[in-house]
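The values are calculated or read from the model by the stated rules, or taken from the named source; none is laboratory data. Keep in mind it's a predicted model, so treat the numbers as computed, not measured. Cβ atoms come from the backbone with ideal geometry, glycine included; neighbour counts cover every protein chain shown.
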Amino acid sequence: MLGRAIRHIGKFYKAEIPELELKAAETKEPREIVRELSFDEQERLFHALPQEYHPLVSFALMTGARVGSITSLLWENVNMDTLEISFWVKGDERLTFPINREVAGLLSALPRSNVLAHRKYVFTRLNKQTLERQPIDPHGGVMPAAFRKALKDAGIEMFRFHDLRHTFATRILRKTQNIKLVSKLLGHSNIETTTKYAHVLMDDMRNALDDFSVLGDGPKSIAPQKNPQIKAK
């Protein structure tokens with residue numbers, strides 16, 4: 001399309017337009033950078049973050065769920081009998097996520113809204129003016145501003161709420177070494193999407209080799225030795 005537009009301009013103005021290699025100028029979607037929260041950064045983040053949002057951020061780290069899926073999560077989609085959560089992703093597509101003891105403990109401690117219309121939401125925040133617990137707006141308002149301020153106060157740079165999802169994925173992959181499992185937990189329809197985390201496996205393989213010697217206690221160099229020079233008589 002760009003090429004046709006340039007040729008049209010050339011004809012309109014009767015100008016000579018040199019041939020251009022437009023394939024090199026094609027815009028490709030940049031590969032998403034995987035930013036993992038270190039445990040030191042995690043401690044600083046929770047120290048700076050208002051207590052009100054600790055459960056929300058903890059849940060994101062525990063499940064890898066997107067912020068929109070978390071804030072729209074309803075109690076009717078949480079089954080404490082079967083220990084499963086149903087997240088609705090991409091419209092009508094459902095992701096079933098297992099509840100472990102850590103997640104179960106967090107959910108059981110959450111306060112319910114004191115407003116009947118809002119009691120269906122799993123995560124709510126306290127409106128200090130009305131003293132009502134309200135649904136959380138994931139893209140504007142109080143919560144995103146509080147999260148950004150906490151990052152700044154904690155000295156954590158180049159980090160977004162979505163990177164909590166990346167952190168979950170890299171930690172699970174590092175523990176299990178199972179990229180198919182991670183893909184399933186994230187709800188990826190194509191495992192190719194999950195390969196962005198493959199660097200974790202490469203790092204672990206590299207670290208394993210750093211602690212392993214093929215030669216054992218043998219000679220540290222197997223390079224051929226130079227023939228000793230023979231002095232002429």
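Here are the numbers:
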quantity	calculated
Residues of the stretch 175-188 satisfying the condition of being touching a residue at least 60 places away in the same chain (Cβ under 8 Å) and outside any helix (DSSP H, G or I)	Gly187
Enumerated strands (runs of 3 or more DSSP E) restricted to the stretch 66-174, each holding at least 1 residues that are more than 18 Å from Pro50 (Cβ to Cβ), of a type outside the set (Lys, Arg) and touching a Leu at 6+ places or on another chain (Cβ under 8 Å)	84-89, 93-98
Lys149 being of a type in the set (D, E, K, R) and surrounded by 13 or more Cβ atoms within 10 Å (Cβ to Cβ)	yes
Unmet requirement for Leu95, which otherwise passes all of (1) over 18 Å from Phe123 (Cα atoms); (2) buried (at least 16 other Cβ atoms within 10 Å of the Cβ); (3) modelled with pLDDT of 95 or more	(3)
Residue check, Thr176 of a type in the set (Ser, Thr, Tyr), surrounded by 14 or more Cβ atoms within 10 Å (Cβ to Cβ), within 30 Å of Leu201 (Cβ to Cβ) and modelled with pLDDT under 95	no
Identity of the residue in the stretch 129-146, in contact (Cβ under 8 Å) with a residue 24 or more places away in the chain and either under 18 Å from Leu61 (Cα atoms) or under 15 Å from the mean Cα position of the chain (by Cα) (or both), that ends up surrounded by the fewest Cβ atoms within 10 Å (Cβ to Cβ)	Ala146
Scan of the stretch 191-216 for residues that are more than 16 Å from Glu36 (Cα to Cα) and either part of a helix (DSSP H, G or I) or at pLDDT 85 or above (or both), ordered by number	Ile191, Glu192, Thr193, Met205, Arg206, Asn207, Ala208, Leu209, Asp210
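This table checks each residue for (1) within 30 Å of Ala146 (Cβ to Cβ); (2) at pLDDT 95 or above; (3) touching a Phe, Trp or Tyr at 6+ places or on another chain (Cβ under 8 Å); (4) buried (at least 16 other Cβ atoms within 10 Å of the Cβ).
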| position | (1), (2), (3), (4) |
| --- | --- |
| Lys14 | no, no, no, no |
| Leu20 | no, no, no, no |
| Arg44 | yes, yes, no, yes |
| His47 | yes, yes, no, no |
| Tyr53 | yes, yes, yes, yes |
| Met80 | yes, yes, no, no |
